[in-house]
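Report on one structure; see the data block that follows.
The values are calculated or read from the model by the stated rules, or taken from the named source; none is laboratory data. Bear in mind that the values here come from a model prediction, so they are computed numbers and not experimental data. Here the Cβ positions follow ideal geometry from the backbone for every residue, glycine too, while neighbour counts run over all protein chains shown.
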Amino acid sequence: MTAWTSSLWTSLPIPALILDVHDCIGDVNPAAEQFLNASRKGLHGYPVWDKVFVDAPLETAFARVREGQAPLFVNTVEVGTGNKKPVTCDVQIAPLSDKPDHVLVLLESRELAGRLDRAMSSKSAAKSAIGMAEMLAHEIKNPLAGITGAAQLISMNASGEDRELTDLIVGETRRIVKLLDQVEEFGNVRPPDRRAVNIHDVLDRARKSAMVGFAAHMQIEYDYDPSLPLTWADPDQLQQVFLNLLKNAAQACKSGGTLTLHSFYEPGLKVRRRDGSGGALPLQIEIIDDGPGLSQAIAADIFEPFVSGRENGTGLGLALVSKIIADHEGWIAVDSVPGRTVFRISLPVAPKDGAP
Ligand SMILES: Nc1ncnc2c1ncn2[C@@H]1O[C@H](COP(=O)(O)OP(=O)(O)O)[C@@H](O)[C@H]1O
Ligand SMILES: [Mg+2]
């Protein structure tokens, strides 16, 4: 290191780690020492997962960076260290130019990203926004029923133009009630009733119902790995997940296109939880469409409630998907470019004895 680069390393206010090819800690800067509450000596050589707990499968990201030799960002990851409260971080991973099998990891705390942004993006804020919406939904539905009833009474003696107006009132209030029902439903998701489930049975049910309904204008193909082991899931909730993803894809491909359901096994994928336990998520399901892809403006927020790119969209479909997958200790990711959008769900294998 030259004097400049060494002083850059020590004065960089963002925790930075260098990991070797085995994901062991090669070096840390002083900001990382402080963040991890440990000395450089105490960290050197240790597997990074002995010292840092995250709720995202970062080892896959590391592998991708090494393979592609290009940097990668993973946003809003909960990073825990020992007994300290986890901190939400945006993680940047980059290959080291002189040691291509090493990676540089920057843990940028979201706490620095501005108070408002934090308040809006935190899970608890989303939760209370949903709580509020639920309460409102409930309160609004009663008077709406009154309005619909009154409009129907008027329409009995009305004729012509007036009838059109009362029909409009009835139609629009129905639409609001439907939206409110969805908000309420979102708040009412029960904990999953999990059992050993054949993913392909669930996928097939969703596929068939899509085919005769909202995706009738699409070509639906599937590519299953028949040897896939059973997963541990609530089949109804899982079907809801697949239906929501298929529906979004079908809606994105207005003038038709191809939907592909793909399942495969990937043994390497793991999620490290805050408590340090590692959950393997080897079952992969991808819902792929060849539509226009996610619009840039909302791509980063599509899993947040009330984020929608569609007129009349509620923005609750993917929020529900992400909630259900989280309740299943799974992982969902999206990769989208015009012409190919892939929603990938990673799930655990059912325990051997059928008990969790
Ligand atoms: N397969 C897809 N292709 C393109 N855009 C998508 C796709 N899936 C979701 N989106 C975008 O994400 C937004 C959020 O989806 P969702 O949470 O289901 O809410 P909603 O469908 O009510 O808008 C959609 O409005 C759409 O803009
Ligand atoms: Mg939707």
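It is to be established whether one or more residues within the stretch 339-347 are under 20 Å from residue 239 (Cβ atoms), assigned by TED's automatic domain parsing to the domain that holds residue 264, assigned to a helix (DSSP H, G or I) and within 11 Å of the chain's Cα centre (by Cα).
No.
Within the stretch 314-321, can one find any residue that is modelled with pLDDT under 90 and away from ligand 1 (no atom under 14 Å from the Cβ)?
no
Go through the residues of the stretch 195-207 one by one and say whether even a single one is at pLDDT 95 or above, within 16 Å of ligand 1 (Cβ to nearest atom) and under 18 Å from residue 318 (Cβ atoms).
Yes, that holds for at least one residue.
Here are some residues: 27, 20. Which one is surrounded by fewer than 18 Cβ atoms within 10 Å (Cβ to Cβ) and out of contact with any Asp or Glu (no Cβ under 9 Å at 6 or more places or on another chain)?
Unique residue meeting the criteria: 27.
Since residue 324 meets every condition but one in (1) within 13 Å of ligand 2 (Cβ to nearest atom); (2) touching a helix residue (DSSP H, G or I) at 6+ places or on another chain (Cβ under 6 Å), which condition does it not meet?
All conditions pass for residue 324, except number (1).
Could you list, in sequence order, the residues of the stretch 246-264 that are part of a strand (DSSP E or B) and either modelled with pLDDT under 95 or within 11 Å of ligand 1 (Cβ to nearest atom) (or both)?
Once the filter is applied, which keeps residues that are part of a strand (DSSP E or B) and either modelled with pLDDT under 95 or within 11 Å of ligand 1 (Cβ to nearest atom) (or both), the stretch 246-264 yields only 259.
Being touching a Gly at 6+ places or on another chain (Cβ under 9 Å) and at pLDDT below 85: is that true of residue 111 here?
No, not satisfied.
Please verify whether the stretch 289-301 includes one or more residues that are part of a strand (DSSP E or B) and either more than 11 Å from ligand 1 (Cβ to nearest atom) or touching a helix residue (DSSP H, G or I) at 6+ places or on another chain (Cβ under 6 Å) (or both).
Yes, the stretch 289-301 has at least one match.
Answer yes or no: is there a residue in the stretch 162-176 that is in contact with a helix residue (DSSP H, G or I) (Cβ under 9 Å, 6 or more places away or on another chain) and within 16 Å of ligand 1 (Cβ to nearest atom).
Yes; the residues of the stretch 162-176 include at least one that is in contact with a helix residue (DSSP H, G or I) (Cβ under 9 Å, 6 or more places away or on another chain) and within 16 Å of ligand 1 (Cβ to nearest atom).
Residues 230, 238: which one is within 18 Å of the chain's Cα centre (by Cα) and not basic (Lys, Arg)?
238
Looking at this structure, is residue 18 of a type in the set (Val, Ile, Thr), modelled with pLDDT of 95 or more, under 30 Å from the mean Cα position of the chain (by Cα) and under 19 Å from residue 95 (Cα atoms)?
For residue 18, the condition - of a type in the set (Val, Ile, Thr), modelled with pLDDT of 95 or more, under 30 Å from the mean Cα position of the chain (by Cα) and under 19 Å from residue 95 (Cα atoms) - is met.
Across the stretch 190-206, what is the total count of residues that are under 21 Å from the mean Cα position of the chain (by Cα) and in a helix (DSSP H, G or I)?
Counting residues in the stretch 190-206 that are under 21 Å from the mean Cα position of the chain (by Cα) and in a helix (DSSP H, G or I) gives 4.
What pairs come out if I take residues in the stretch 306-327 that are among the basic types (Lys, Arg) and pair them with residues that are within 10 Å of ligand 2 (Cβ to nearest atom) and at pLDDT 90 or above whose C-beta lies under 7 Å away, six or more apart or interchain?
Hits for this filter: 310/251.
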